[in-house]
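The values are calculated or read from the model by the stated rules, or taken from the named source; none is laboratory data. The structure displayed is predicted, hence computed values, not measured ones. Glycine also receives a Cβ, built like all others from the backbone with ideal geometry; neighbour counts cover every protein chain displayed. Note: areas computed on protein heavy atoms with side chains; ligands, DNA, RNA excluded. Shrake-Rupley method; radii C 1.70, N 1.55, O 1.52, S 1.80 Å.
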Amino acid sequence: MSFRKFLINLCCFAMVAAAFLLCKTNAYAETKQTVVEKTKEGGDLAIMFSFDAEVVDIEFISPSGKRMKAGDEGVGYASGDGWSTYRITDAEKGKWTLEYDPAGNTEIEYSIINDDYGLWIQNFTVESIEKERVSVKFQADCEDDIYLYNYEIYMVSTEEDYSERVASGSAFPNKETELSFYASNISSGNYIFRLDVYYEDGDAEIFDSVNSDAVNFTNSRTGKAPEGIVTKLDFDAGTVSVDWKRSKPGSYSNHKLTVLADGEVISSKELETGVSNDVTLIPVGSGEIEIRLAYYDYGLRSESFVKKIDLSKEYLKNLNGDVTGSSQLRIAYSVSGESELVVKVNGHEGNYKIKESGELSFDLEQGNNTVYAELKIDDSLSYVIDTDVYFDAIPPEIVLFDNPDGKSVTGDSFTILGKVKGAKTLRIDGADCEYKEDGSFTYEKKLEAGENVINIEVEDVNGNTAARAVTLYKKAVSVVSNTVTEKPWWQQYLPLMIAGVASIVVIILALIFFKKKPENNLVTLIVWNILLLAGAGVCLWQYIIRYNANNTEKFLEIAEKSASEAVKSIKEERLFFTGMLVLVGLIVLSTVLYIVTDRIKKAKKNKPSSGSTDGASEGTSDGQNWWYDKK
C-alpha cells in the first residue's frame, strides 16, 4: 500500500471514529420523553417511577405547556431506594409529557396511581405537650377498599443526628384520629414529629409521610449537662481532646460524644463506662469546632455540654516545628482578652500574662527538647503545645581531597574534588552545584593570572551553614626551555585524531577499490566493519573499566592523595568513550557509502543509452552491446 493510500485510509478511520464518539456522547446527553393521558376532569395525577440504577428527576409538561418539577407549588414528591413518586394537585385533563435524562438507567418503569387508589395524609398537628405526655391529631384519606391503615410517629432531633419512634398503631381511613402518648424516654430538646402512614396492597406498599413544625420538648427526668469538662486543642497536632474524668457522673456512665467541624459531624461515638477521654483529629482548614457531650442515666440521655471554638480568632502555635537549626524556641499566640500562658521547656517552667497576639522565645539545648505549653481560655477550654523539638546545631561538613588551598598552578583551569556531609544545598562561587548521593562533587575553576579565590558554601535542612574558601595562585608561563608547561588540549587527543584521519583515508582507498573490484565490495565492507567493531569494543571495554573505577571509594582515596591522578583517570574515561563513538560512526558511515555507491552503479546499468527506444531496451542493459547488435 502506498503512503498516499495509507494516509487517506487513516483520515477516513479518524472521521468515522469521531462521528461514532460524537453520536455516543449525544445519545447519553439526550433527554427522553413519554406521554401519559389524564382522562378525567379534576383530581390529582399521581405517578410512581422505578429505576434500575439511580433515581433521576422527572419534569412534567402539562397539556397547556406549563413545566412542573419536584419542589414546585402543587407538586408532591417522595423518593426512596430505586423509586420516586410525584403527585400533581388538580392536574389538567389531557396529554401530559414526562421529560427526563435516563443517566445510568437502562430502563425506567412507571405506573399511574388512580385517584381512588392511594393513601394521603390530610392533616397532622401536635395539639399539646404536657410534661412527657404528647397529644396529636391526624387524618389520612383513602378511596381504596381498606378497613385500617398503619401509622408510626417519630421524634426527630433538630440539634443532633437522632430520632426515636414514640408511637405506632392502626387507624381508620377518611376519619380524624386523636392520639396521646408518653415520650418519657426522650431527652429534652428541640424536635419535629414525623408521621408515616401505610398499608399493604398485595406486593406493593402504599404510604405517605409528613413532618410537623419544630417544637420544644422538656422531660423532667432529663439530667443536666455534665460539668467539669476539660477540652484541650492542639493546633500543631491538629487534634482536640475531651476529658470528663472529673465531671459528674464522670466515667461511671455511658457517654455520647459528637464533634462537628464547620457544622459537619466529623466524629460521633457512644463511649462505654470506664472511658473518660477521647481525642479527635481536626480536618485541615476548619474554621469552627463544636463539641457536644452527654451521658446516659437509666437509658435517658442527659442534656449536652456544648462548646464552640472559633479557630480563626485564637491560637497557640510552635513556629519552629519538630526539628530546628535555631537555638530559640518561638511560640506565637492570639487571644481575645487577657490570659495566662504556662510554658515548660526541659522541666523549666514559667508563667506569663499575655493579651491580644504576639510571640515568646525560649532557649533550646543541643539535641532533643521537651516542650509543653498551655494557654487557658476559660474553665473548660485550653490551647496546648505538647511536643519534642530537636535542636540541630551541627553544621554540614566540606571535605576537599588533595587540599588545594594555597597551591600555585600554571594551567588555565583547576578541578576541585570534594565531598559534603549532611548538606542539603551546595553553592560554589554563588552558583548551585550538584553532588552525588554519596556527597562527592567536582568543580572546574577557570583561572586568571595571580590570586584566585573559590568560595564553597553548604546548608543543611535545618538552616545550619558552613563555608570554606580555597585560594589558588596562577603562575606566569616561563619562556625558559627547561620550564615544565602543560600540553595544549589538542595534544591530549592527538592519538584519537590520528586514528580518525587514518580511518578516513582507509575509507577513501576502500571506495576506490570498490570501484575497480565491484565483485569484492561486500566482502571488503564486512571485513572493514569487523575491524572497526573490534576497535569500538576495545574502547567500550576500557571505558567501562575506568567508569567503574571512578565511582568507587578507592577513587576517592586516590583523589585525596593526588588530584592530578584522579583528573587523568577521568579524562581517560572520556577519551575512550569518545573513541567508541567515533568508531561506531565510521561503521555507520562506511555502510551508508557502500549502499549509496551500489545503488548508483545499479541505476547506471539499468539506464539505456540516449538513442534507445522502450521496446529495444528490453533486450539488454548494456548500451554498447545494444549498439553493436544494431550494427
Inset, instruction - Tell me, yes or no, whether the range 97-104 has at least one residue that is modelled with pLDDT of 85 or more, under 23 Å from Gly43 (Cα atoms), surrounded by 13 or more Cβ atoms within 10 Å (Cβ to Cβ) and of a type in the set (Asp, Glu). - result: yes
Inset, instruction - Assess whether Glu227 counts as being more than 30 Å from Asn320 (Cβ to Cβ) and part of a strand (DSSP E or B). - result: no
Inset, instruction - Look at the range 230-260 and say how many of its residues are out of contact with any helix residue (DSSP H, G or I) (no Cβ under 7 Å at 6 or more places or on another chain) and either part of a loop (DSSP other than H, G, I, E, B) or closer than 21 Å to Leu375 by Cβ (or both). - result: 21
Legend entry - Residue pairs meeting the criteria (Cβ under 9 Å; at least 6 apart or on separate chains; first assigned to a strand (DSSP E or B) and of a type in the set (Val, Ile, Thr), in the range 466-481; second modelled with pLDDT of 75 or more and open to solvent by 90 Å² or more (accessible area, probe 1.4 Å)): Thr471/Glu451
Inset, instruction - Working only within the range 198-219, note down all residues that are under 26 Å from Glu160 (Cβ atoms) and out of contact with any Leu (no Cβ under 6 Å at 6 or more places or on another chain). - result: Ser209, Asn211, Ser212, Asp213, Ala214, Val215, Asn216, Phe217, Thr218, Asn219
Legend entry - Count of the range 381-417 residues which are open to solvent by 50 Å² or more (accessible area, probe 1.4 Å) and of a type in the set (Gly, Ala, Ser): 1
Inset, instruction - Enumerate the pairs (first residue in the range 436-458 and farther than 22 Å from Ala566 by Cβ; second residue anywhere and open to solvent by less than 20 Å² (accessible area, probe 1.4 Å) and part of a strand (DSSP E or B)) with beta-carbon separation below 9 Å, excluding pairs fewer than 6 apart on the same chain, so at least 6 apart or on different chains. - result: Glu451/Leu472; Val453/Val470; Val453/Leu472; Asn455/Ile428; Asn455/Val470; Glu457/Leu426; Glu457/Ile428
Legend entry - the range 272-284, subset of a type outside the set (S, T, N, Q) and in a strand (DSSP E or B), residue most open to solvent (accessible area, probe 1.4 Å): Leu281
Legend entry - Matching residues, the range 418-435, being in contact (Cβ under 8 Å) with a residue 24 or more places away in the chain, part of a strand (DSSP E or B) and open to solvent by 50 Å² or more (accessible area, probe 1.4 Å): Lys421, Thr425, Arg427
Legend entry - Pick from the range 30-65, criterion open to solvent by 70 Å² or more (accessible area, probe 1.4 Å) and more than 24 Å from Trp120 (Cβ to Cβ), ranking: nearest to the chain's Cα centre (by Cα): Glu54
Inset, instruction - Just give me the residues in the range 319-337 being open to solvent by less than 20 Å² (accessible area, probe 1.4 Å) and within 27 Å of the chain's Cα centre (by Cα), in sequence order. - result: none
Legend entry - Filter pass, Lys631 being closer than 30 Å to Gly418 by Cβ and modelled with pLDDT under 75: no
Inset, instruction - Evaluate the range 358-366: report whether one residue or more is touching a His at 6+ places or on another chain (Cβ under 9 Å) and surrounded by 16 or more Cβ atoms within 10 Å (Cβ to Cβ). - result: yes
Legend entry - Checklist (1) more than 19 Å from Ile377 (Cα to Cα); (2) without any contact (Cβ under 8 Å) to a residue 24 or more places away in the chain applied to Lys245, failing item: (2)
Inset, instruction - Answer yes if at least one residue in the range 141-151 is of a type in the set (Phe, Trp, Tyr) and touching a Leu at 6+ places or on another chain (Cβ under 7 Å), and no otherwise. - result: yes
Legend entry - Every residue from the range 562-595 that is part of a helix (DSSP H, G or I) and farther than 21 Å from Leu531 by Cβ: Ala563, Ser564, Glu565, Ala566, Val567, Lys568, Ser569, Ile570, Lys571, Glu572, Glu573, Arg574
Legend entry - Counted residues, the range 252-283 - those being over 22 Å from Asp297 (Cα atoms) and either more than 25 Å from the chain's Cα centre (by Cα) or of a type outside the set (Gly, Ala, Ser) (or both): 11
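Results for (1) in contact (Cβ under 8 Å) with a residue 40 or more places away in the chain; (2) open to solvent by 30 Å² or more (accessible area, probe 1.4 Å); (3) assigned to a strand (DSSP E or B), shown as yes or no for each residue.
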site	(1), (2), (3)
Tyr110	yes, yes, yes
Val134	yes, no, yes
Phe138	yes, no, yes
Tyr147	no, yes, no
Tyr154	yes, yes, yes
Glu160	yes, yes, no
Arg165	no, yes, yes
Legend entry - Residue check for Asp378: within 23 Å of Gly238 (Cβ to Cβ), exposed (fewer than 13 other Cβ atoms within 10 Å of the Cβ) and in contact (Cβ under 8 Å) with a residue 60 or more places away in the chain: no
Inset, instruction - State all residues of the range 180-229 that are over 25 Å from Asn123 (Cβ atoms), open to solvent by 70 Å² or more (accessible area, probe 1.4 Å) and within 45 Å of the chain's Cα centre (by Cα); if no residue qualifies, say none. - result: Glu227
Legend entry - Subset of the range 298-314 that is in a strand (DSSP E or B) and among the basic types (Lys, Arg) - its residue that is surrounded by the most Cβ atoms within 10 Å (Cβ to Cβ): Arg301
Inset, instruction - Report, by residue number, each residue of the range 285-297 that is open to solvent by 20 Å² or more (accessible area, probe 1.4 Å) and under 19 Å from Tyr191 (Cβ atoms). - result: Arg292, Tyr296
